[in-house]
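The values are calculated or read from the model by the stated rules, or taken from the named source; none is laboratory data. Keep in mind that this is a model prediction, so the values were computed, not measured. In this analysis, Cβ positions are derived from the backbone assuming ideal geometry, glycine residues included, and neighbour counts consider all displayed protein chains. Please note that ligands, DNA and RNA were not included when accessible areas were found on the heavy atoms of the full protein model with its side chains. Shrake-Rupley method; radii C 1.70, N 1.55, O 1.52, S 1.80 Å.
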Amino acid sequence: MLDAKIPEGPLDKKWEHYRSKSHLVNPANRKKLKVIIVGTGLSGSSLAASLGESGYHVSSFCFQDTARRAHSVAAQGGVNACKNYKNDGDTVFRMFYDTIKGGDFRAREGNVYRLAECSVNLIDQAVAQGVPFAREYSGYLSNRSFGGVQVSRTFYAQGQTGQQLLLGAYQALMRQVSAGTVKLFSRHEMLDLVVIDGKARGIIVRNMDTGEVERHGGHAVVLATGGFGKIYYLSSLAMGCNASAIWRAYRRGAFFANPSWIQFHPTCLPQFGEYQSKLTLMSESLRNDGRIWVPKKKDDNRPPNDIPESERDYYLERRYPAFGNLVPRDIGSRAAKEMIDAGYGVGSLKNAVYLDFSKAIAEQGEGKIEDKYGNLFRMYQKITGINAYREPMRISPASHFSMGGLWVDYELMTTIPGLYAVGESNFADHGANRLGANSLLQACVDGYFIAPSTMPNYLANEIRTGPIDTRQSAFATAEEAALQKLKGFLAIQGSKPVDYFHKALGKILYDDCGLSRSRAGLTEAIAKIRSLRGEFYHELHVPGGGGQAMNSELEKAGRVADYLEVGELMCYDALNRDESCGAHFRVEYQTPEGEPLRDDKNFAFTSAWEWTGLDTEPLLHKEPLHFETVTPTVRSYK
Amino acid sequence: MRIQLRVWRQEHKSKPGQFADYELPEVSPDMSFLEMLDMLNDQIMRQNGRPVEFDYDCREGICGQCGVMINGRAHGPLANTTTCQLHMRTFKDGDIIHVEPFRAAAFPVKCDLKVDRSAFDRIIQAGGYIAASTGEAPEANSILVPHEEAEAAFDAACCIGCGACVATCKNSSAALFTSAKISHLALLPQGRLEAKERAQQMVAQADKEGFGHCSNTEACEVECPQAISVLHIARMNWEFNRAAFF
Ligand SMILES: Cc1cc2nc3c(=O)[nH]c(=O)nc-3n(C[C@H](O)[C@H](O)[C@H](O)COP(=O)(O)OP(=O)(O)OC[C@H]3O[C@@H](n4cnc5c(N)ncnc54)[C@H](O)[C@@H]3O)c2cc1C
Ligand code: FES
């Protein structure tokens, strides 16, 4: 039975209770303990810096050439905190409720409450570090509102909030590097987890510059490796984002929770051609003034400005009169896909919908729109060559955020003792749908406040362990397996590059395990993924048999090999859940009007999957969700 | 469109490099520059060659990992644009494009178009932070920051650390990078206290890494993807001199 270890007591006292009772490690003993942290995004950097400051030895890993490039850097919109600076009635409880509801009642009350509770302090922390949040003329911090809520609780630094928060964490990390508490290993990719006597004891990594495979031991291992939405190939994520670290941990016994819950962001740029590698996100804020429409006639090839008002279908305004263009992400994305699939898509590949500013420009003037969104319009023009002041933008939904991830308990520990998962790599706080500006928050509070308070509870028992000897056989076996795997890729000598397989997998998942899913489609997708995986191990071409050190294709091959297994698990997960909730929309479970049908009686649980081997069905464990404080209701945006 | 490429190939930092010529017959104007290089690699791999190593991650202009010299200009012909945000419609059918790594003594070439920019990390380690530990920080609104100052700090803080400023500078100076951080932190009340030491230590580290001195050519501001102003260099010099004299 899965034990989430939620502390006793009333919701608002749980975290305090936990902290007053958990074990601590005496400052003198901390230097006897080494912690491995994989990932330098907001969650990893903030944790590494915090543990370093308190005196532990930390080794910090990332695959980019410096810690500051982790994909947290790309977050634009903002970070939520219930400071109630606007005096608009915001409270910890309200934020907790918004998050639970936004997640379609599929997250744990205890974790979500703590997220809201810690948000207040996070802003103080970031300001102390010099994060230049937007300010009012009075010098006070400024806020804006974000989707799905009625209060203004989003803090921001122009359109680069993630970058600024990350630089704050990165600088704190660099400070610890110079203090000698943290050792950096950039351009190191984790290939495997080493488990000894049931405890996480280290990792196997590949130095991507020299090609060497290395062993690193520690008293605890933390995965802060971010999201895996890149599995669809086209996404708003960075090219290197991967599931490999968490997948290796899964194969070593960590449970994987809700793997199929992936958020699609409704306002990304559509695909323009086969060669395309990325779907850049356009901030959601555009929906405040842009109106979304498609032509009423199928396959209408007229330029948008030639289509008269009466022949346009503003389908969100039509279907969701109360929220209109501001419906939550899952609903906006799904509606767009339905229009595109029904043949109303626009653009050369018929894969987009229009986001039209003409009304806003007519009402407010071009200058006003430029003030608000000038940088986004410029970015749009840079990428597409189109002037969006003159004709509507073309947008489409793209894979963006993985709500699922490694299963963790209240302490953020996985089912492997001593292995933790923080930030987007765990499943903890967002339920079936993540609210905008909540994940920067989650990554930060996991790293600055939560893991630094929970890890000592485990590490206190490790003081007498002594240094972890990496000459132990478990390290040697894992290293050998990793080396063989790399050699295996080089030896296939087929004719198809890695990207071919990644794109093919992405297509299968997008069609059958994306914005909408069906029993038949998912069953078929599992078969298709297995056969693609077979093809991969016969037809893959990775250059560099000569053994050159730097080999980007080899790096990609490892990631895609893992994705080919993750994809299958996602399908099992989606197949198992006979209901529609949040990002998970099963076509069999909808109302006559096409709205999702959640089934609280049978599915109010977290799916935590256990690896049972390749080509076999994984084992499902259920963690029931108890709602003691809130009553699940139907999310309605009509 | 048909594009001819002359690309710097260098297998290892210890080996000499040279240009190699390639031709891509069917480049789409909608492709980004990096997607064009993907296409090149696809073609090279089909002929069993070694693909060109080049850096990137986000491909949306914010991580700072991409960056090559394109026809002698850092990040290519457009001002204030990263390599990943440059699109092929900027070029013409039949163009010959030279592609080289960022060059600077402090940025040794690792392989083909990839260079080692870890010197930037060490400059930050030398003092590019506010010494605030995690924990009970003061209430955020107890530190008031005038709107203009917060915006000015942001304008310096938005540096993506790509190194185009160094690559474009005839002295390979890291003045724009270093000053942007010094300025960001010195502009905020939270960062004022350590401003002197920060400036001294960061400048000393930049010298130690082998970056050159700034001779006010101001080429860096044009190439900087975030259009960071050279005025920050003046502020750095002021902080640095203040540290020396007061
Ligand atoms: C375009 C975009 C915009 C967003 N905007 C917002 C927003 O406005 N507000 C908000 O709240 N959230 C936003 N999000 C979500 C949010 O940015 C992320 O959820 C969050 O930053 C994740 O942080 P992280 O620390 O978990 O992971 P990341 O920042 O992704 O870091 C992952 C780290 O793990 C390392 N890593 C990964 N795999 C390996 C491996 N195998 N070996 C070694 N190292 C590895 C990487 O090198 C990196 O350092 C956005 C996301 C995207 C993609
Ligand atoms: S790839 Fe990130 S800035 Fe170009």
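Between chains B and A, what is the buried accessible area in Å², counting both sides, with a 1.4 Å probe and ligands, DNA and RNA left out, to the nearest 100?
Roughly 6200 Å².
Excluding ligands and nucleic acids, what accessible area in Å² is computed for residue A:177 using a 1.4 Å probe, to the nearest 10?
Counting only protein heavy atoms, residue A:177 exposes about 30 Å² to solvent.
Leaving out ligands and nucleic acids, and using a 1.4 Å probe, what accessible area per residue does the range A:267-398 come to in Å²?
About 40 Å² of surface per residue is accessible.
Distance in nm between label sites at residue B:213 and residue B:103, each 7 Å beyond Cα in the beta-carbon direction?
The answer from the label model is 2.3 nm.
Determine the percent antiparallel among the DSSP beta bridges restricted to the range B:3-111, to the nearest 5.
75
Per residue of the range A:384-399, what does 6.51 cos²θ - 1.76 cosθ + 1.60 with θ = phi - 60° give for ³J(HN,Hα)? Whole Hz please, x for Gly and Pro, Karplus curve as stated.
Residue by residue, the range A:384-399 yields 9, x, 9, 8, 7, 6, 9, 9, x, 6, 10, 10, 7, x, 9, 4 Hz.
Once both axes come from the Cα atoms, what is the angle between helix A:498-512 and the longest principal axis of chain A, in degrees from 0 to 90, rounded to 10?
Helix A:498-512 sits roughly 60 degrees off the main axis of chain A.
At 7 Å along the Cα-to-beta-carbon direction for both residue A:183 and residue A:535, put a label point, then send me their distance in nm to one decimal.
4.4
Please arrange A:401, A:63 by accessible surface area, largest first, computed with a 1.4 Å probe and ligands excluded.
Greatest to least solvent exposure: A:63, A:401.
Tell me, what is the percent relative contact order of the range A:115-240, built from C-alpha pairs under 8 Å that lie six or more residues apart?
This gives 12 percent for the range A:115-240.
Rounded to the nearest 500, what is the 222 nm mean residue ellipticity of chain B from helices alone, with -39500 (n - 2.57) per DSSP H run of 4+ residues and division by all residues?
Mean residue ellipticity at 222 nm (helix-derived): -10500 deg cm²/dmol.
If I take R0 = 45 Å and measure r between the Cβ atoms of residue B:14 and residue A:472 in this structure, what FRET efficiency does the formula 1/(1 + (r/R0)^6) give, to the nearest 0.05?
0.85
Out of the total accessible area of the range A:1-117 (probe 1.4 Å, heavy atoms of protein only), what percent is carbon and sulfur?
51
Run the 1.4 Å probe and let me know the accessible area of residue A:600, rounded to the nearest 10 Å².
60
Find, among the trypsin sites (Lys or Arg not before Pro) in the range A:251-348, those assigned to loop by DSSP (not H, G, I, E, B) with at most 14 other beta-carbon atoms within 10 angstrom.
A:296, A:297, A:298
Out of the range B:1-100, which trypsin sites (Lys or Arg not before Pro) are coil in DSSP terms and have no more than 13 other C-beta atoms within 10 Å?
Loop-located and lightly packed - B:2, B:92.
Rounded to the nearest 500, what is chain A's calculated 222 nm mean residue ellipticity when only DSSP H runs of at least 4 contribute -39500 (n - 2.57) each, over all residues?
Per the formula, -11000 deg cm²/dmol.
Working from Cα positions, state the angle (0 to 90°, nearest 10) between the long axis of helix A:329-339 and the longest principal axis of chain A.
The two axes meet at around 50 degrees.
Taking amide H positions as placed in the peptide plane 1.01 Å from N, state which residues far from residue A:426 in sequence (5 or more) or on other chains have amide H under 5 Å from it.
Here A:406 satisfy the definition.
Which whole-Hz ³J(HN,Hα) couplings does the range B:167-172 yield from phi under the Karplus relation 6.51 cos²θ - 1.76 cosθ + 1.60, θ = phi - 60°, glycine and proline marked x?
Taking θ as phi minus 60°, the curve returns 5, 8, 7, 5, 9, 6 Hz for the range B:167-172.
Give, rounded to the nearest 20 debye, the magnitude of the charge dipole that the protein assembly as shown has about its Cα centre when Lys and Arg contribute +1 at Cβ and Asp and Glu contribute -1 at Cβ.
Once rounded to the nearest 20, the dipole reads 960 debye.
For B:99, A:195, what's the largest-to-smallest order of accessible area, 1.4 Å probe?
A:195, B:99
Can you work out the Karplus-derived ³J(HN,Hα) for every residue in the range A:294-302? Use 6.51 cos²θ - 1.76 cosθ + 1.60 with θ = phi - 60°, whole Hz, and x for glycine or proline.
Working through the residues one at a time gives 9, x, 6, 9, 5, 6, 6, 9, 5 Hz.
In Å², and per residue, what accessible area does the range A:562-613 have when probed at 1.4 Å with the other protein chains present?
Ligands and nucleic acids excluded, the figure is 31 Å² per residue.
What percentage of the solvent-accessible surface of chain B, computed with a 1.4 Å probe over protein heavy atoms, is contributed by carbon and sulfur atoms?
Solvent-exposed carbon and sulfur of chain B make up 52 percent of the total.
Quick check on chain A: of the DSSP beta bridges with both residues there, what percent are antiparallel, nearest 5%?
In chain A, approximately 70 percent of DSSP beta bridges are antiparallel ones.
Taking H placed 1.01 Å from N in the peptide plane, check which residues at least 5 places from residue B:115 or on another chain put their amide H under 5 Å from its amide H.
B:110
Which Cα, out of B:154, A:352, A:626, lies furthest along the positive dipole direction of the protein assembly as shown (beta carbon charges, K/R +1, D/E -1)?
It is B:154, whose Cα lies furthest towards the positive end.
Relative to the longest principal axis of the C-alpha atoms of chain B, give the angle of the C-alpha long axis of helix B:33-46, reported between 0 and 90° and rounded to the nearest 10°.
Once rounded, the angle reads 40 degrees.
Can you give me the solvent accessible area of residue A:216 with a 1.4 Å probe, rounded to the nearest 10 Å²?
20
Out of the GluC sites (Glu not before Pro) in the range A:188-287, which ones are loop residues according to DSSP with at most 14 other C-beta atoms within 10 Å?
A:212, A:274
Taking amide H positions as placed in the peptide plane 1.01 Å from N, state which residues far from residue B:97 in sequence (5 or more) or on other chains have amide H under 5 Å from it.
B:4, B:5, B:6
At a cut-off of 30 Å², which residues of the range A:109-129 become less accessible once all protein chains are present than in their chain alone, using a 1.4 Å probe?
A:121, A:124, A:125, A:127, A:128, A:129
Name the residues of the range B:101-128, by number, that are at least 40 Å² less accessible with every protein chain in place than in the isolated chain; the surface is that of heavy atoms, probe 1.4 Å, without ligands or nucleic acids.
Buried-area filter returns B:110, B:114, B:121, B:124, B:125.
Which order do A:13, A:83 take by accessible area at a 1.4 Å probe, largest first?
A:13, A:83
Could you check the simple spin-label distance between residue A:93 and residue A:527, using points 7 Å along Cα→Cβ, in nm with one decimal?
Label at residue A:93, label at residue A:527, 5.4 nm between them.
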